[in-house]
Amino acid sequence: MSLNEFDEAFREYYHALINPERTKDEYGITEGTVEFPGEPEVVLIMKGFCINDDNEVVSILPDMYVYYSNEHAEKNYTTGTPASCSDDTTQITPMLPPFKLPDDFVYPEDFRGFMIHNLMCQIRDIYWNMGEDPPAAYEIDGFGKGTGNFDYEEYNY
């Protein structure tokens with residue numbers, strides 16, 4: 001994707017990640033509406049897209065899927081629309097915790113690289129969860145799958 005196409009497709013996702021308070025408001029995640037006591041926190045945001053057999057992006061899924069919780073909750077809760085691609089495409093879903101941007105982060109270029117890194121970490125975590133070592137290209141540090149072999153606090157951007 002060109003940078004302009006990427007920006008148009010993922011700008012909303014970027015803003016959801018840098019402003020989780022606004023995301024909570026947009027998705028109605030408030031202390032009065034959640035299933036547990038205390039102020040809810042956004043812990044993970046997912047935004048899917050679909051690729052064809054030639055690895056071309058053919059569709060950006062319109063909605064995000066948000067995980068939220070807090071120290072009083074026994075599990076993560078979700079809201080939003082789960083990603084779903086047609087049967088003749090493959091779904092790819094970046095899943096990232098909200099983060100604070102370093103001063104030298106350039107949008108959209110660095111964000112595109114950040115998403116690619118997240119997808120590589122997801123591939124790494126799939127290997128780890130199968131009890132295997134990932135190929136050398138995927139032996140990298142970073143946040144991957146939401147239920148992987150990682151320390152969440154270490155990768156909370």
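Could you list which residues have their amide H under 5 Å from that of Met64, counting only those 5 or more apart in sequence or on another chain, with H placed in the peptide plane?
Excluding prolines and chain starts, which carry no amide H, the hits are Thr81.
Once you charge only the Cβ atoms, +1 for Lys and Arg and -1 for Asp and Glu, what is the size of the charge dipole of the chain about its Cα centre, to the nearest 20 debye? Spell out each step's value before the answer.
Details: 9 positive and 31 negative charges, 40 e Å.
So the magnitude is around 200 debye.
Taking the Cα centre of segment 101-146 as origin, sum charge times position over the Cβ atoms of Lys and Arg (+1) and Asp and Glu (-1), and report the length of that vector in debye to the nearest 20.
Taking the Cα centre of segment 101-146 as origin, the dipole is about 220 debye.
Tally up the carbon and sulfur contribution to the accessible surface of the chain as a whole percent, 1.4 Å probe, everything protein left in place. Before the final figure, lay out the partial values.
Details: 4180 of 9020 Å².
Ligands and nucleic acids excluded, carbon and sulfur give 46 percent.
So how long is each side of the chain along the principal axes, counting just the alpha-carbon atoms, biggest first, in Å?
The principal-axis extents, from largest down, are 46, 39, 37 Å.
Just to confirm, what accessible area per residue do you get for segment 3-98 at 1.4 Å probe, in whole Å²? Walk me through the numbers on the way to the answer.
Numbers: 5220 Å² over 96 residues.
On a per-residue basis, segment 3-98 sits at 54 Å².
Can you tell me the Rg and the Dmax, both Å, for the Cα atoms in segment 101-146?
Every Cα atom of segment 101-146 included, Rg and Dmax give 12.2, 37 Å.
Pull the list of the chain cysteines that no other Cys approaches to under 4.7 Å, Cβ to Cβ.
By the Cβ distance rule, which asks for a partner under 4.7 Å, the isolated cysteines are Cys121.
Helix 109-129 versus the longest principal axis of the chain: what is the Cα-based angle in degrees, 0 to 90, to the nearest 10?
90 degrees
What do you get when you divide the Cα radius of gyration of segment 65-128 by 2.2 N^0.38 Å, with N the number of residues? Kindly include the intermediate steps, with their values, before the conclusion.
On the way: Rg = 14.9 Å, N = 64, 2.2 N^0.38 = 10.7 Å.
Normalised Rg, Cα atoms only: 1.39.
With angles folded into 0 to 90 degrees, how steeply does helix 3-18 sit against the dominant principal axis of the chain? Use alpha carbons for both and round to 10.
Computed tilt is about 30 degrees.
Lys/Arg Cβ at +1, Asp/Glu Cβ at -1, dipole of the chain taken about the Cα centre: which of Cys85, Ile29, Ile140 is farthest positive-ward?
The listed residue farthest towards the positive side: Ile29.
The values are calculated or read from the model by the stated rules, or taken from the named source; none is laboratory data. Please read these numbers as outputs of a predicted model, since none were measured by experiment. Note that each Cβ is placed from the backbone with ideal geometry, even for glycine, and that neighbours are counted across all protein chains shown. Quick note on the areas: whole protein, heavy atoms, side chains included, nothing else; ligands and nucleic acids left out. Shrake-Rupley method; radii C 1.70, N 1.55, O 1.52, S 1.80 Å.
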